[in-house]
Amino acid sequence: MSDFNQLPAHVWPRNARREEDGVVTVAGVPLPDIVEEYGTPVFVIDEDDFRSRCRDMAAAFGGAQHVHYAGKAFLTQTVARWIDEEGLSLDVASHGEFQVALAAGFPPARVTAHGNNKGIDFLRACVRNAIGHVVIDSAQELELLDMVAAQEGYVQDVLVRVKPGIEAHTHEFIATAHEDQKFGFSLASSSAYRAAIAAVRAENLRLVGLHCHVGSQVFDAEGFSLAAERVLGLWSQLQRDLPPEAAADLTMLDLGGGYGVAYTEDQAPLDVVAVATELRAKVAESAAEFGLVAPELLVEPGRAIVASSMVTVYEVGTVKDVHVTDNVTRRYIAVDGGMSDNIRPALYQAEYDARLINRFSGDEDQPSPCVETRVVGSHCESGDILIDSAQLPADIAPGDLLALAATGAYCYPMSSRYNMFCRPPVVSVRNGRATLMVRRETIEDILALENY
């Protein structure tokens, strides 16, 4: 860590600053002021940062109509409104996410439904609300959706999810394009082709596109291009084999999301503009080789929009030095949250950047020396680790405020009540003003669910 008092611009929100007194502000709002009003832990999201990344994606891929925000990364009614106002579409991965979108007044025609095990209630809600697209993930689902659509007297637009057989360079749990995993239809076994034909033959479905997803937190652009090339091979085969009217309906190629973001100072995010340029060129080139008009290219960024727009602020509690070996001592810094608000480090060894936000570490003339440190949560679990190993300043003390950056994606949505910890609040900031987006869960909320 080069200078603990600096905020790495590529990791922290675009409107984060360390002021002259050492306090960190986001969008002009001092983070300690938010803590004073809302307590800790607390998620803080920079609205203008979020919106600017929506616009960046739209510009890179040729317009907002080509970008679908992946709601699973982080979704509230307010976020759905932001997405709507920026002109993006929305992907939902469950009935609950769809219900949040509907409650926010998001246009169902700009929503796409994902999921490997969509139940009949979810599918019926999709049809009854005239959702834009349903991504078909199994033969069973195809038959069920066709039945539901027939009952409702409706023809539902669908995409078929294809496994292109790409081994993305990412963690096993978030790689989604190789053969041996639960999502989609195999390209290699021809089950994707058969599913597409079945969708065309279904009386109440209309096949409008193909979908694939390489994985999550992918930094290698080559995987996206290879996936596009392989799925376009199936596309060309379908264009040859389908009746002319069905072939004409097949206009969309959805290459998913998964664009990597920087979580630590030494990481660099994927160059989205470069990837978008390469993908659009690859799709056009491959289509031309097959003698076809290039399909409409759709993408599904979630993490790449929301991750760096949010930080989580904790209060430091216990600080103690632990004997590791005769020559090694590690300092443990415990904060008042942990795996209940951020399961990612325990789940797949995710890394984060941590900084003091209530003051400078040391002073301008004499920075604090650093020590080998592990940042842990307060849960009764030895695996409750937020940062496994880092060189952090030795002057971090109980009562200090420590923030982890880039916690916008898959932290609040994957939060739990382990040890009866209540989920933290989410506060949005813009133009020097803080607004409560989601209140803190209380023990009364939890007890109200019990039939005692």
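The values are calculated or read from the model by the stated rules, or taken from the named source; none is laboratory data. As the structure is a prediction and not an experimental result, all values here were calculated from the model. Reconstructed Cβ throughout: ideal geometry from the backbone, glycine too, with neighbour counts over all protein chains shown. The area values use the complete protein model at the heavy-atom level, side chains included, leaving out ligands, DNA and RNA. Shrake-Rupley method; radii C 1.70, N 1.55, O 1.52, S 1.80 Å.
Counting residues that are without any contact (Cβ under 8 Å) to a residue 60 or more places away in the chain and open to solvent by 30 Å² or more (accessible area, probe 1.4 Å), which strands (runs of 3 or more DSSP E) fully inside region 307-395 reach at least 2?
On the way: elements: 310-325, 328-335, 354-356, 370-376, 385-393.
Answer list for region 307-395: 310-325, 328-335, 370-376, 385-393.
Here Glu86 meets the list (1) modelled with pLDDT under 95; (2) acidic (Asp, Glu); (3) in contact with a Cys (Cβ under 7 Å, 6 or more places away or on another chain) almost entirely, failing just condition (1). When the residues of region 292-306 are filtered to those that are of a type in the set (A, V, I, L, M, F, W, C) and outside any loop (DSSP other than H, G, I, E, B), the one that is farthest from Gln217 (Cα to Cα) is Leu297.
Check whether at least one residue in region 4-12 is more than 21 Å from Val306 (Cα to Cα), open to solvent by 10 Å² or more (accessible area, probe 1.4 Å), touching a Ser or Thr at 6+ places or on another chain (Cβ under 8 Å) and in a loop (DSSP other than H, G, I, E, B), and report yes or no. Yes, region 4-12 contains at least one residue that is more than 21 Å from Val306 (Cα to Cα), open to solvent by 10 Å² or more (accessible area, probe 1.4 Å), touching a Ser or Thr at 6+ places or on another chain (Cβ under 8 Å) and in a loop (DSSP other than H, G, I, E, B). Among the residues of this structure, Gly233 does not count as one that is open to solvent by less than 50 Å² (accessible area, probe 1.4 Å), in a strand (DSSP E or B) and not hydrophobic (A, V, I, L, M, F, W, C). Only one entry in Val306, Val322, Val371 is within 29 Å of Ile45 (Cα to Cα) and among the aliphatic types (A, V, I, L, M), namely Val306. So is Leu210 open to solvent by less than 10 Å² (accessible area, probe 1.4 Å) and in a strand (DSSP E or B) or not? It is true that Leu210 is open to solvent by less than 10 Å² (accessible area, probe 1.4 Å) and in a strand (DSSP E or B).
Residue-by-condition table, conditions (1) in contact with a Cys (Cβ under 6 Å, 6 or more places away or on another chain); (2) under 19 Å from Ala73 (Cα atoms); (3) free of Cβ contacts under 8 Å to residues at least 40 places away in the same chain:
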| residue | (1), (2), (3) |
| --- | --- |
| Leu404 | no, yes, no |
| Thr407 | no, yes, no |
| Tyr418 | no, no, no |
| Pro424 | no, yes, no |
| Ser428 | no, yes, no |
| Ala434 | no, no, no |
| Met437 | no, yes, no |
| Glu450 | no, no, yes |
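For region 131-157, the tally of residues that are small (Gly, Ala, Ser), farther than 15 Å from Phe183 by Cβ and either over 25 Å from the mean Cα position of the chain (by Cα) or not assigned by the TED database to the domain that holds Leu253 (or both) stands at 3.
Taking region 281-305 as the search range and keeping residues that are of a type in the set (D, E, K, R) and over 18 Å from Ser89 (Cβ atoms), which one is least open to solvent (accessible area, probe 1.4 Å)? Outline the logic, then answer.
Residues of region 281-305 of a type in the set (D, E, K, R): 282, 285, 289, 296, 300, 303.
Those left that are additionally over 18 Å from Ser89 (Cβ atoms): 282, 285, 289.
Working: Lys282: 46, Glu285: 94, Glu289: 133 Å².
Among residues in region 281-305 that are of a type in the set (D, E, K, R) and over 18 Å from Ser89 (Cβ atoms), the one least open to solvent (accessible area, probe 1.4 Å) is Lys282.
Of the residues making up region 155-176, at least one is in contact with a Lys or Arg (Cβ under 9 Å, 6 or more places away or on another chain), open to solvent by 10 Å² or more (accessible area, probe 1.4 Å) and at pLDDT 90 or above.
When the test is whether a residue is among the charged types (D, E, K, R) and surrounded by fewer than 23 Cβ atoms within 10 Å (Cβ to Cβ), Asp266 passes it.
Pick from Tyr418, Tyr410: which is modelled with pLDDT of 95 or more, within 25 Å of Arg51 (Cα to Cα), assigned by the TED database to the domain that holds Ala350 and among the hydroxyl-bearing types (Ser, Thr, Tyr)? Please lay out each step first, then the result.
Values: Tyr418 fails: within 25 Å of Arg51 (Cα to Cα).
Matching residue, one of Tyr418, Tyr410: Tyr410.
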